[in-house]
Amino acid sequence: MASSAQQIPRWFKLSVFITGPQLRARFQRPGKRLLHGCCAPPQLSSDNCLLQWGFKTYRTSSIRNSSQSASSSRQEINSAQSTLLPSVNEQSPKTQKAPSIDSELSLEGLDDLPALSPLQPISEEEAVRIIADPPLPPSSFTLRDYVDYSETLQKLVLLGVDLSKIEKHPDAANLLLRLDFEKDIKQILLFLKDLGMEDNQLGTFLTKNHAIFSEDLENLKTRVAYLQSKNFSKADIARMVRNAPFLLSFSVERLDNRLGFFQKELELSVKKTRDLIVRLPRLLTGSLEPVKENMKVYRLELGFKHNEIQHMVTQIPKMLTANKRKLTETFDFVHNVMRVPHHVIVRVPQVFNTRLFKVKERHLFLAYLGRAQYDPAKPNYISLDKLVSMPDEVFCEEMAKASVQDFEKFLKTL
């Protein structure tokens, strides 16, 4: 009895300091996994678990230290159980439920809880309630798959950027996915706004020149400062950037070389060179080969003098980058078929910027009516300028002296 009585206080100390992980290790009965990663408590109540484990511990220690016979030890254990530990199967008339073990665990015990295994089985009802987001694709041929995950792409779409055009360039698409809107893009947008671009123009600009996000902001400011030093106004720079989105992507050295080339090649003054660039800013960003080729065509094939070329290109800058075949065909028809001399063509360079079939249709109609006379020194003169610029109604009424219906009937005979 003495040894049994000594074991009882030890058991009470043991049961008081039992922790949650020890209980779960003792009773390896898996709980149910819930939606939020919690574990449902086992079906066996916490007080019964505590009593059963305590009883086994007490019984083991009593048997080891008892020097009495087996029958007396069994009586002492039963006596201690009847006096101290009620049987698990016994139901007292006034049973009071002990507080849950989980509610009595300390915070230190909660930190020692074992990690839930992803292989734990769950019921079909619990599986149906699980809502999982689709995984981010590791690679894709379109930016559409990443818009839902990228705040940067979402805001670019709101600005009007056409991602379907950018995704055709894999390097540019990968760049956008790595950029942070607040850190990398916002400062560029504020810079463009300060430059004079409107909100509805940003989308088109960024769609064409998405590489501007890889440019250093200080370099962009330096290029703008260079253009201002050449007496380009703020409005002129804004217009040039809108019409030639890649303008700010070129270094100061290249911009300076281009301005010097056109001033030297065309022998223009500084003001005329600046006006030429403002009207056609892509002269600074495009290739110089078409320009050099067209200058040779005007001099050698079409027979224009240098001062005549100066006058035409300052009036119609697109003549510097026009298609060579279109230039020669237009000149051949106007000069050789319509018999318009060089000096008249020089005064009306718009003829090179007009669709050739339009010029042919109107000339043939005038020739059919006997009114195709383009010499200003003779009567019934037909202005080449009005011929290429007037709408059909005005052309028929003032120049052909016929109705629009007659002109349309004639066109059907061609």
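The values are calculated or read from the model by the stated rules, or taken from the named source; none is laboratory data. Model, not experiment: these values are computed from the prediction. Note: ideal-geometry Cβ built from the backbone for every residue, glycine included; neighbour counts use all protein chains shown. Heavy atoms of the whole protein, side chains included, go into the accessibility calculation; ligands, DNA and RNA do not. Shrake-Rupley method; radii C 1.70, N 1.55, O 1.52, S 1.80 Å.
Among the conditions (1) assigned to a helix (DSSP H, G or I); (2) closer than 23 Å to Ile185 by Cα, the only one that Leu227 does not satisfy is (2).
Output yes when any residue across the stretch 214-222 is surrounded by 15 or more Cβ atoms within 10 Å (Cβ to Cβ), modelled with pLDDT of 95 or more and farther than 22 Å from His169 by Cβ, and no when none is. Taking every residue of the stretch 214-222 in turn, none turns out to be surrounded by 15 or more Cβ atoms within 10 Å (Cβ to Cβ), modelled with pLDDT of 95 or more and farther than 22 Å from His169 by Cβ.
Just one of the listed residues (Phe395, Phe352) is more than 17 Å from Leu411 (Cβ to Cβ) and either assigned to a helix (DSSP H, G or I) or touching a strand residue (DSSP E or B) at 6+ places or on another chain (Cβ under 8 Å) (or both), and it is Phe352.
To keep it simple, each residue is scored yes or no on (1) open to solvent by 40 Å² or more (accessible area, probe 1.4 Å); (2) modelled with pLDDT under 85; (3) under 12 Å from the mean Cα position of the chain (by Cα).
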residue	(1), (2), (3)
Asp162	yes, no, yes
Asn174	yes, yes, yes
Asp184	yes, no, no
Phe191	no, no, no
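The residue of the stretch 322-342 that is farthest from Ser287 (Cα to Cα), among those that are open to solvent by 50 Å² or more (accessible area, probe 1.4 Å) and in a loop (DSSP other than H, G, I, E, B), is Arg339. Residues that are assigned to a helix (DSSP H, G or I), open to solvent by 70 Å² or more (accessible area, probe 1.4 Å), polar (S, T, N, Q) and out of contact with any strand residue (DSSP E or B) (no Cβ under 7 Å at 6 or more places or on another chain): does the stretch 365-387 have at least one? No, that holds for no residue.
Taking the condition of being out of contact with any Phe, Trp or Tyr (no Cβ under 6 Å at 6 or more places or on another chain), assigned to a helix (DSSP H, G or I) and open to solvent by 10 Å² or more (accessible area, probe 1.4 Å), how many residues in the stretch 236-265 meet it?
16
Conditions tested, residue by residue: (1) in contact with a Leu (Cβ under 8 Å, 6 or more places away or on another chain); (2) within 21 Å of Arg242 (Cα to Cα); (3) buried (at least 17 other Cβ atoms within 10 Å of the Cβ).
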position: Asp275; (1), (2), (3): no, yes, no
position: Ser287; (1), (2), (3): no, yes, no
position: Pro290; (1), (2), (3): yes, no, no
position: Glu293; (1), (2), (3): no, no, no
position: Asn307; (1), (2), (3): no, no, no
position: Lys318; (1), (2), (3): yes, yes, no
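The single condition from (1) under 30 Å from Lys271 (Cα atoms); (2) over 51 Å from the mean Cα position of the chain (by Cα) that Tyr381 fails is (1).
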